Amino acid sequence: MLKRTDYLTRTYGKPQGWTLGVYERDLDGYQVARRVLTTMTREQVVEEAKKANIRGRGGAGFPMGVKWSFMPRASSGTASGAGVPGAKPHYLVVNADEGEPGTHKDRTLMEENPHACIEGCIIGCYGIGAHIAYIYVRDELHLAKARLEGAIREARLKGYLGKTPFGKDHAIEVHVHSGAGAYICGEETSMLNSLEGRRGEPRMKPPFPANAGAFGCPTTVNNLETLAVVPTAFGMGCEAFSKLSLLHSIGDGGVRLYGVNGHVKKGAIVELAVGPTLNELIYDVGGGVQGDRGILCVIPGGSSTPILRPEELVKAPDPKSPLHPYDGKSVFDVPLGVETMRLCGTMLGTCCVTVIAQGTDPVWCLQNLMQFYTHESCGQCTPCREGSAWLLRVTTKLLDGQASRAELDGLHDIANGIMGNTICAFGEGTAMPALAFIQKFRPELEACVRGERPRDKAVLSVEPWQ
Amino acid sequence: MPFALSPDRERKLQEMVGRYPTKMALTLPLLHLCQEQAGYVSDDAILFVSQRLDLPTSHVKGVVTFYTLFNQHPVGKHQVWVCRTLPCALRGAYDVIEHCEKRLGIHCGETTADGKVTLRTAECLASCGTAPMMQVDKDYHENLTRERVDAILKDLTDS
């Protein structure tokens, strides 16, 4: 059942909801950061954060507290002498380069509740021993950047940021850094290169950012929503926060933003306890499918996550499997969590579901996505640069009815040739959705080869645009 | 002609200097300032950035050519970006694009003859829940209807 909450979204839609006044009035703004900085040690913050079971909200789902604990203990201190002499400074880099097709949640946070992001940065900086946080925002989001900068100004005037936030001798500054229109800069090491003023090409790992990140110093990269929810978690106690989730028992805690888009009656972003099902999101949040059609497939969490079809059933006969209670049911009735979606053969990603109605041409959907990946491949690794372009060429030929059987079979090889052969996960992000479409829409693709799906009959939208 | 920042942008640059431990980190912010001033990043601007930040011009050029949003050539007075990626496409983005092309009499990637509007497609602009959408200069326009697009384009071409 849907469990709606409003810890993050209470300020949404309110007059001046993005200002400090509203944040302090409606959400007890900055009280949690004050308590954390004045009463807890850095180690206590990390231990507490682990209990929240916040899985990274950017798509990979790595536990936030564990990531914080990777940071070295020694960090260089403030001018007044705290910290360890000779140690390198630490940095917090906040990933707000939201650009995965189908993902539209972080933007609402920056525009409607920027102070939660800043308060999260303060606690995050303290927890990892950093004095500077850079929020890397994609350049297109001008309103979001202005709201964040306004929030930083307000917080600094009040003394929540600066040399001694809340009187604590731990200087914290937050800066907004603009990207310049490259999806790949959402990949953490690419983001670090971009922040340093370089081309946004991902780095080889190791070294991991916790050892050598921004400017060669220990760095934690967290998604913006991950940090924005931190004040809520610390405010109620991290364990209590984790228990809000329906999937608390499998280490997936708290509340998060869920979105629906595509062929639904009402696209939306809502805050829910972790664990709603696809059906609940589509019908209760999205108001159902446009034209009351059936569903062809959904992309569960951003275009890189493999599609799911409603007729797919859960196979989990093992009573130890977290999916066992759903054995034999549709994957659309499984609670959306990091582990549950992995066991369904896809990924939770960013929790923003793209719904594709029956009657839509799946080949065109695939071709559209491949256009995106071809455009956005940074070009550093050959399998990704060439592979994405080949996938686009072949899917375009399929769509035009010009592809041969051999080319259709070749799609599979091309996609497999990218998997695991690139520096960053963009390669998998391209290949996984392609493989899922190839596997789940094989009859449609074969019909393209036989010339039975003319291009002029292909449709993408349910309702005519007017 | 040598490139120089206007005094207000020079001030903005000075405000940002202390934020980063290296000069190189100012590459993107400074390029944004240059583009804001001139509409695109010229070779003179690249030379200016490289001299200000003590970087080889090849580094700066490499950065400019990597990022989609840095224009390497002059563009129109207004920038129209229509999102074409799947969630928007499912809700009529291709119709929006076609409509804009017809109204402006140009193809995507081109600028109107009077130099007022450059029309381009964009890859996902993080507004999927309110598709179809387009960005005009710094503003987002969401839940687009034909009527709305007409009004937006009229404002631009009349300006």
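Bear in mind that the values in this text are calculations on the coordinates, not laboratory data. Please read all numbers here as calculations on a predicted model, not as lab measurements. Cβ: placed from backbone, ideal geometry, glycine included. Neighbour counts: every protein chain shown.
Starting from one equal scatterer on each C-alpha and no solvent at all, send me the Debye-based log10 I(q)/I(0) for the protein assembly as shown at q = 0.08, 0.12 Å⁻¹, two decimals.
Values, matching the q order: -0.56, -1.33.
At a Cα cut-off below 25 Å, give the lysines reachable from A:K315, other chains included and same-chain residues fewer than 8 away excluded.
Within reach: A:K329, A:K440.
Please give the calculated 222 nm ellipticity per residue for chain A, where each DSSP H segment of at least 4 residues contributes -39500 (n - 2.57) and the sum is spread over every residue; nearest 500 deg cm²/dmol?
Numbers: 17 runs with 173 residues, N = 466.
It comes out at -11000 deg cm²/dmol, rounded to the nearest 500.
Taking every DSSP beta bridge that has both residues in region B:1-146, what percent is antiparallel when rounded to the nearest 5?
Numbers: 7 of 13 bridges.
The answer is about 55 percent antiparallel.
In deg cm²/dmol and to the nearest 500, what is the mean residue ellipticity at 222 nm of chain B if only DSSP H runs of at least 4 residues count, each as -39500 (n - 2.57), divided by the residue total?
Numbers: 7 runs with 72 residues, N = 159.
Only helices count here, giving -13500 deg cm²/dmol.
Quick one: compute the contact order of chain A, relative version, from alpha carbon pairs under 8 angstrom and 6+ residues apart, as a percent.
Numbers: 982 pairs, mean separation 70.7, N = 466.
Relative contact order of chain A: 15 percent.
Which residue, chosen from A:V45, A:G197, A:S321, occupies the Cα position most advanced towards the positive end of the dipole of the protein assembly as shown, where the dipole is computed from +1 (Lys, Arg) and -1 (Asp, Glu) charges on Cβ about the Cα centre?
Most positive-ward Cα: A:V45.
For B:C124, enumerate residues with amide H under 5 Å from its amide H, sequence gap 5+ or separate chain, H modeled in the peptide plane.
Hits under the 5 Å cutoff: B:R84, B:T85.
Antiparallel as a % of all DSSP beta bridges within chain A, to the nearest 5?
Roughly 45 percent of the DSSP beta bridges within chain A come out antiparallel.
Calculate the mean, over all residues of peptide B:18-26, of how many other protein chain Cβ atoms lie within 10 angstrom of the residue's Cβ. Don't jump to the answer; show the numbers that get you there.
On the way: counts 2, 6, 9, 8, 5, 1, 4, 9, 1.
If you average over the peptide's residues, the count of other-chain Cβ atoms is 5.
Modelled label-to-label distance, B:N71 and A:K3, 7 Å Cα→beta-carbon offset: nm?
5.1 nm
In region B:1-63, which trypsin sites (Lys or Arg not before Pro) fall in coil by DSSP and have 14 or fewer other Cβ atoms within 10 Å? The partial results should precede the final answer.
Details: sites: B:R9, B:R11, B:K12, B:R19, B:K23, B:R52, B:K61; in loops: B:R19, B:K23.
Filter output for region B:1-63: B:K23.
Scanning chain A for GluC sites (Glu not before Pro) in DSSP loops with at most 13 other Cβ atoms within 10 Å, what's the longest stretch left with none?
On the way: sites that count: A:E311, A:E452.
Answer - A:1-310.
Which Cα, out of A:I132, B:Y94, B:P56, lies furthest along the positive dipole direction of the protein assembly as shown (beta carbon charges, K/R +1, D/E -1)?
Most positive-ward Cα: A:I132.
Of the peptides A:17-23, A:455-461, B:124-130, how do they stack up when ordered by the mean number of other Cβ atoms within 10 Å, highest first?
B:124-130, A:17-23, A:455-461
Straight-line reach from B:K116: which lysines have Cα under 19 Å away, leaving out those fewer than 8 places along the same chain?
Hits, sequence-local ones excluded: B:K77, B:K102, B:K138, B:K154.
Which percent of Cα pairs goes in each bin when the distances of region A:208-268 are cut into 5 angstrom slices starting at zero?
Pairs per bin, as whole percents: 4, 15, 15, 15, 14, 16, 13, 5, 2, 0.
With everything on Cα atoms, drop me the angle between helix B:27-38 and the longest principal axis of chain B, reported from 0 to 90° to the nearest 10.
Once rounded, the angle reads 60 degrees.
For region A:262-357, give the share of DSSP beta bridges that are antiparallel, in percent and rounded to the nearest 5; count only bridges with both residues there. Can you show the working numbers first?
Numbers: 8 of 9 bridges.
Within region A:262-357, antiparallel bridges account for around 90 percent of the total.
Within region B:1-72, which chymotrypsin sites (Phe, Trp or Tyr not before Pro) sit in a loop by DSSP and count at most 15 neighbouring Cβ atoms inside 10 Å?
On the way: sites: B:F3, B:Y40, B:F48, B:F66, B:Y67, B:F70; in loops: B:F3, B:Y40, B:Y67, B:F70.
Sparse-neighbourhood loop chymotrypsin sites (Phe, Trp or Tyr not before Pro): B:Y40.
From the backbone phi of region A:52-66, what are the Karplus-calculated ³J(HN,Hα) couplings (6.51 cos²θ - 1.76 cosθ + 1.60, θ = phi - 60°) in whole Hz, Gly and Pro given as x?
Along region A:52-66, the couplings run 6, 6, 7, 7, x, 8, x, x, 7, x, 6, x, 4, x, 5 Hz.
What are the DSSP H helices in chain A that stretch 20 Å or more along their long axis, judged by alpha-carbon atoms, and whose average Kyte-Doolittle hydropathy comes to at least 1.0? Mind showing how you got there, number by number?
Numbers: long enough: A:114-128 (21 Å, 1.10); A:142-157 (23 Å, -0.31); A:362-376 (21 Å, -0.18); A:382-399 (25 Å, 0.08); A:405-418 (21 Å, -0.16); A:426-440 (22 Å, 0.48).
Those that pass (Cα extent of 20 Å or more, hydropathy at least 1.0) are A:114-128.
Write out the trypsin sites (Lys or Arg not before Pro) in region A:36-130 meeting two conditions: DSSP loop, and at most 15 other Cβ atoms within 10 Å of their Cβ.
Numbers: sites: A:R42, A:K50, A:K51, A:R55, A:R57, A:K67, A:R73, A:K105, A:R107; in loops: A:R57, A:R73, A:K105.
Answer in residue order: A:R73.
For a test of the definition: using alpha carbon positions, the gyration tensor, and the 1.5 limit on a/c, classify region B:1-125 as rounded, prolate or oblate.
Values: a/c = 2.63, a/b = 1.96, b/c = 1.34.
Since a/c reaches 1.5 and a/b is larger than b/c, the shape of region B:1-125 is classed as prolate.
Excluding residues fewer than 8 places away in the same chain, name every one of the lysines whose C-alpha is closer than 17 Å to that of A:K50.
A:K67, A:K243
Counting residues in region A:9-243 as N, plug N into 2.2 N^0.38 Å and put the Cα Rg over that result.
Working: Rg = 16.3 Å, N = 235, 2.2 N^0.38 = 17.5 Å.
The value comes to 0.93.
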